[in-house]
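Inspection log for the structure reproduced underneath, given as structure tokens.
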């Protein structure tokens, strides 16, 4: 649990420093992807995420994925 908290704090720090953020358009695309996967409409998925309080978790997960992609892109391998 402590390790996950530290990793999350580091990811948030990198996101802020590198100005990595999630747009509302990106959230809408992710919600549409989820809706297609469950064969339902996007409004239903959005309302369920809002009702359960999971919209912020979705945004955070998307931001962390963006940070990971950034880190992998910027990584330099030394031998």
### Task
State which residue pairs qualify: first residue over 19 Å from residue 57 (Cα atoms) and inside the stretch 31-44, second residue at pLDDT 95 or above and surrounded by 15 or more Cβ atoms within 10 Å (Cβ to Cβ) in any location, beta carbons under 7 Å apart, and separation of 6 or more residues or different chains.
41/35
#### Entry: Residues of the stretch 1-29 classified as surrounded by 13 or more Cβ atoms within 10 Å (Cβ to Cβ) and either over 14 Å from the mean Cα position of the chain (by Cα) or closer than 10 Å to residue 67 by Cβ (or both), total
6
### Task
State all residues of the stretch 42-58 that are under 17 Å from residue 26 (Cα atoms) and assigned to a loop (DSSP other than H, G, I, E, B); if no residue qualifies, say none.
54
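The values are calculated or read from the model by the stated rules, or taken from the named source; none is laboratory data. Because the structure is predicted, anything quoted here is derived from the model rather than measured. Here the Cβ is made from the backbone with ideal geometry for all residues, glycine too, and neighbour counts use every protein chain on show.
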